[in-house]
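**Student:** This structure is in structure tokens; I'll ask about it shortly.
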Amino acid sequence: MKEYIAQRAATIAVYIIENNATVRQAAKVFGVSKSTVHQDVVHRLSAVNPGLAREARKVLDVNKSERHIRGGLATREKYRHRG
């Protein structure tokens, strides 16, 4: 793996952990796609820094388990303002 990719993966993981960020938020901040963020944090980082990868994965798993709630709240807000 190229050095800049490993560095990007580590930087994204630290951002996700420190800010409790979602994949979308991290992708927007770093200017890459959601797929790239996921690939970096879940797959590529495991080979370079498994401990950091586990910590980032915990945050992503929590976000994934809560996303249906966030979606419902967003829809509720949307229709509240239409009314």
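**Student:** For the peptides 4-17, 47-60, what is the packing order when you average, over each peptide's residues, the other Cβ atoms within 10 Å and list the highest mean first?
**Tutor:** Going by the mean number of other Cβ atoms within 10 Å, highest first, we get 4-17, 47-60.
**Student:** Here's something else I'd like to know. What is the percent carbon and sulfur in the accessible area of the range 7-54, measuring with a 1.4 Å probe over the protein chains and ignoring ligands?
**Tutor:** 50 percent
**Student:** Would you list the membrane-span-like helices of the chain, meaning whole DSSP H runs whose alpha-carbon atoms span at least 18 Å along their axis and whose mean Kyte-Doolittle value is at least -0.5? Don't skip to the end; give the middle numbers.
**Tutor:** Numbers: long enough: 3-19 (24 Å, 0.45); 50-82 (47 Å, -1.30).
Result, helices passing both filters: 3-19.
**Student:** Using a 1.4 Å probe, what is the accessible area per residue for the chain, in Å²?
**Tutor:** Values: 5820 Å² over 83 residues.
For the chain, the per-residue accessible area is 70 Å².
**Student:** So what are the chain's ellipsoid semi-axes, whole angstrom, largest first, if each one is the square root of 5 times an eigenvalue of the alpha-carbon gyration tensor?
**Tutor:** Numbers: eigenvalues 169, 34, 15 Å².
In descending order, the three semi-axes are 29, 13, 9 Å.
**Student:** What does the charge add up to near residue 12, with Lys and Arg as +1, Asp and Glu as -1, over the other residues with Cβ less than 14 Å from its Cβ?
**Tutor:** Net charge around residue 12: +3.
The values are calculated or read from the model by the stated rules, or taken from the named source; none is laboratory data. Remember, it's a predicted structure, so these values are computed and weren't measured experimentally. Virtual Cβ from ideal backbone geometry, glycine too; neighbours counted across all protein chains shown. Side chains included, ligands, DNA and RNA excluded: accessible areas come from the protein's heavy atoms. Shrake-Rupley method; radii C 1.70, N 1.55, O 1.52, S 1.80 Å.
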